[in-house]
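Asks: Below are the structure tokens for one structure; questions will follow.
The values are calculated or read from the model by the stated rules, or taken from the named source; none is laboratory data. Predicted model, so just to flag it, every value in this text is computed and none were measured. Ideal geometry is used to build each Cβ from the backbone, glycine not excepted, and the neighbour counts take in all protein chains shown.
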Amino acid sequence: MGGFRGLPIAILLLVLTGAANAMEILVLRHAEKQSGTGPDPGLSPAGENRAAAIAGRFRPDVVYATPWRRAIETARPAAEAAGVVVRLYDPARPEQLVGKIRALPPDAQVLVVGHSNTVPDLVRRLSGTAAEAMPESEYDRWTLVRIGTDGNTAVDVRRY
């Protein structure tokens with residue numbers, strides 16, 4: 001019986017946060033890009049490895065990426081592993097993307113691949129919480145936004 005002592009607290013937390021059926025939105029910057037290859041570079045070998053790592057850790061129901069090659073190449077392995085297509089979004093119109101995400105089922109798992117200058121704003125728009133600016137050299141920030149059925153949000157920032 002001693003192993004169940006924390007169970008009532010865990011259940012209470014799930015109820016209070018709406019986490020039992022929370023939508024999870026993983027927002028991240030594209031993986032490392034090739035240098036010196038023009039205005040729309042693809043991923044470098046390190047970036048390809050990072051994209052594969054994302055696919056191994058998150059199975060989205062829906063995948064969004066900007067129309068740039070590096071974002072699409074980052075999103076594609078996770079989309080293929082989950083059997084879904086990469087949907088393109090206009091990074092100049094983040095409110096449209098947020099509207100599409102909020103219209104999804106309340107337990108949807110969503111991957112959004114953006115850029116260093118768009119990810120913090122998307123996190124803020126989705127969660128209502130200010131996000132730290134992202135330097136141009138940063139590729140390993142993983143921001144998971146959870147939106148409970150009650151509308152409460154939680155943000156978890158990790159490195160991967």
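Asks: Between 98, 62, which is surrounded by fewer than 21 Cβ atoms within 10 Å (Cβ to Cβ), of a type in the set (Val, Ile, Thr) and touching a helix residue (DSSP H, G or I) at 6+ places or on another chain (Cβ under 6 Å)?
Replies: Answer to the check: 98.
Asks: What tally of residues in the range 110-140 results from selecting those that are part of a loop (DSSP other than H, G, I, E, B) and of a type in the set (Val, Ile, Thr)?
Replies: Total satisfying the criteria: 2.
Asks: Further question: Given the structure, is residue 56 surrounded by fewer than 21 Cβ atoms within 10 Å (Cβ to Cβ), part of a loop (DSSP other than H, G, I, E, B) and either among the aromatic types (Phe, Trp, Tyr) or free of Cβ contacts under 8 Å to residues at least 40 places away in the same chain (or both)?
Replies: Here the answer is no, as residue 56 does not meet what is asked.
Asks: Here is a further query. Restricting to the range 74-109, name every residue that is more than 15 Å from the chain's Cα centre (by Cα), closer than 22 Å to residue 31 by Cβ and not in a loop (DSSP other than H, G, I, E, B).
Replies: Passing the criteria: 80, 81.
Asks: Answer yes or no: is there a residue in the range 79-95 that is of a type in the set (Phe, Trp, Tyr) and modelled with pLDDT under 95.
Replies: So far as the range 79-95 goes, no, none of its residues is of a type in the set (Phe, Trp, Tyr) and modelled with pLDDT under 95.
Asks: Let me ask something else. If you go through the range 107-153, how many residues are of a type in the set (A, V, I, L, M, F, W, C), surrounded by 16 or more Cβ atoms within 10 Å (Cβ to Cβ) and farther than 19 Å from residue 49 by Cα?
Replies: The number of residues fulfilling the criteria is 11.
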